[in-house]
Amino acid sequence: MSELLFKHFELTRGNFIKDIEGLDPKQASFQPEGFNNNIHWQIGHVLTVAEQFMLGYPKKSSHLPENYIELFGNGTRPSDWSGDVPSVELLTEQLKTQLGRIKEVPASMLDEKLKKPFLGLETFGELANMALFHESYHLGQIHAMKKLAK
């Protein structure tokens, strides 16, 4: 089962990256009516949340700058951005390297109980599945935004 989960990460992340590579900067920064954010934010958000769920960012992982929580965490939006915001290209490269770190997570961790349940999830494996669901959800948001940006 663990092998299947990590294959799913490869598949999902591969499709995510394929969908955002070569993205026009205007498309990436366009915020459609009715949306709280843009594609640029979506990319950073997926990166940040996956790092939180799978690698314990910011306490256990120092692979991302600390300000990513303020830029891309839950409840944030591009209209509130100030200071140095990483480019879509940098975020894309970080998504690629993050996948390598995720694939290094020991399969035995999937059965570990979380210190406290999160959104009704009790094991790390359940949290990993939530990370996949989350990434797929935001890929759908990106598809919608790309169509509206044309």
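The values are calculated or read from the model by the stated rules, or taken from the named source; none is laboratory data. Since the model is a prediction, treat every value here as computed from it, not as a measurement. Backbone-built Cβ (ideal geometry, glycine too); neighbour counts: all protein chains shown. In case anyone asks, the SASA skips ligands and DNA or RNA and just uses the protein heavy atoms, side chains included. Shrake-Rupley method; radii C 1.70, N 1.55, O 1.52, S 1.80 Å.
Remarks
- The residues neighbouring residue 126, those whose beta-carbon lies less than 11 Å from its own, together hold a net charge of -2 under the Lys/Arg +1, Asp/Glu -1 convention.
- Between helix 124-149 and the chain: long-axis angle, C-alpha atoms, 0 to 90°, nearest 10: 10
- Spatially close lysines, pair count over the chain: Cα under 13 Å, gap of eight or more or interchain: 5
- Our summary gives the chain a relative contact order of 34 percent, counting only alpha carbon pairs under 8 angstrom and 6 or more residues apart.
- Size descriptor, Kirkwood hydrodynamic radius, that averages inverse alpha-carbon separations across the chain, Å: 15.9
- Whole-number accessible area per residue in Å² for the range 1-95, which is evaluated in the context of all protein chains at 1.4 Å: 54
- Euclidean distance of C-alpha centroids, the range 108-136 and the range 40-64, integer Å: 15
- Using alpha-carbon coordinates, inclination of helix 39-55 to the longest axis of the chain, degrees: 10
- Shape of the range 8-84, Cα gyration tensor, a/c cut at 1.5: oblate
- Rounded if a/c under 1.5, otherwise prolate or oblate - the range 86-147, Cα gyration tensor axes: oblate
- When 59, 147 are compared by accessible surface with a 1.4 Å probe, the order from highest to lowest is 59, 147.
- As a calculated quantity, the FRET efficiency between residue 69 and residue 10 at R0 = 30 Å, using C-beta atoms, amounts to about 0.70.
- The chain: angle of helix 88-103 to the longest principal axis, Cα-based, in degrees nearest 10: 10
- Chain lengthening between residue 18 and residue 107 when straightened (0.36 nm per residue, less Cα-Cα): 29.4 nm
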